[in-house]
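Below is one structure, written out as structure tokens, with a few remarks after it.
The values are calculated or read from the model by the stated rules, or taken from the named source; none is laboratory data. What you see is a predicted model; the values in this text were computed from it and never measured. When we count neighbours, we look across all protein chains shown, and the Cβ atoms used for this are built from the backbone with ideal geometry, even at glycine.
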Amino acid sequence: GQQLNQSPQSMFIQEGEDVSMNCTSSSIFNTWLWYKQDPGEGPVLLIALYKAGELTSNGRLTAQFGITRKDSFLNISASIPSDVGIYFCAGQTPRTYTGNQFYFGTGTSLTVIP
Amino acid sequence: DTAVSQTPKYLVTQMGNDKSIKCEQNLGHDTMYWYKQDSKKFLKIMFSYNNKELIINETVPNRFSPKSPDKAHLNLHINSLELGDSAVYFCASSLDDRGKGYTFGSGTRLTVV
């Protein structure tokens, strides 16, 4: 199946810094999602993107749907300790089959140092 | 109220045993899923199921089987457990429309000894 590559794999940053991460695929996607997973919990949806070039914000988080439709980006501004966790991208191909299957990225582990 | 709830949260069992993990959603979603998260945190879909079809990831051993008594429940049965089955298993649900994100449960950590 599809595998999305996320980078960086892990990040250690100081509180207050901005964070950028991205997700790339060899296939074209028509939907990109970004999730955050806290330790011991399931992933929680942060942002959904549905159109190439789309830029969407959720508080300090901003995500973009890449123009090529093969990538997506997530930025976190002014990081705080509670931003710690694993961030996953997820993408859906424009195949004409039934179902709502998403492929998940390899994850970016974020550590914020107070 | 918890949207997607899984039980148990932790499950420790011996090789060769048969076990089940239960999942319930109260969101009115029509599709439910099981994902496996390995030690490297990679999320891999195992099944997706609605009242129309069951889609199985071809890499899932047939020792794993989903059972759905109704639209709000999708349980996971595992027969003859193996050491490599140790992982965190997540249940999720969504509306049956393409592009709709999933709501995940909090996971079941399965340890096979």
| remark: Being surrounded by fewer than 19 Cβ atoms within 10 Å (Cβ to Cβ) and either closer than 29 Å to A:Leu110 by Cβ or of a type in the set (Lys, Arg) (or both) narrows B:Tyr10, B:Tyr102 down to just B:Tyr10
| message | Can you pull out every residue in the range A:62-102 that is more than 18 Å from B:Tyr102 (Cβ to Cβ) and of a type in the set (A, V, I, L, M, F, W, C)? | response | A:Phe65, A:Ile67, A:Phe73, A:Ile76, A:Ala78, A:Ile80, A:Val84
| said: Which numbered condition in (1) within 10 Å of chain A (Cβ to nearest Cβ); (2) outside any loop (DSSP other than H, G, I, E, B) is the only one that B:Gly101 fails? | reply: (2)
| note | How many residues of the range B:25-46 are under 19 Å from B:Ala3 (Cβ atoms), in a strand (DSSP E or B) and not polar (S, T, N, Q)? The answer is 5
| said: Among (1) more than 20 Å from A:Tyr103 (Cα to Cα); (2) modelled with pLDDT of 95 or more; (3) over 10 Å from the mean Cα position of the chain (by Cα), there is one condition B:Thr108 misses while meeting the rest; what is its number? | reply: (3)
| query | Given B:Leu110, B:Leu43, B:Leu74, which one is in contact with a Cys (Cβ under 8 Å, 6 or more places away or on another chain), buried (at least 18 other Cβ atoms within 10 Å of the Cβ) and not β-branched (Val, Ile, Thr)? | reply | B:Leu74
| message | Filter the range B:81-98 down to the residues that are more than 22 Å from B:Leu54 (Cα to Cα) and not in a helix (DSSP H, G or I) and list them by number. | response | B:Leu81, B:Glu82, B:Ser86, B:Ala87
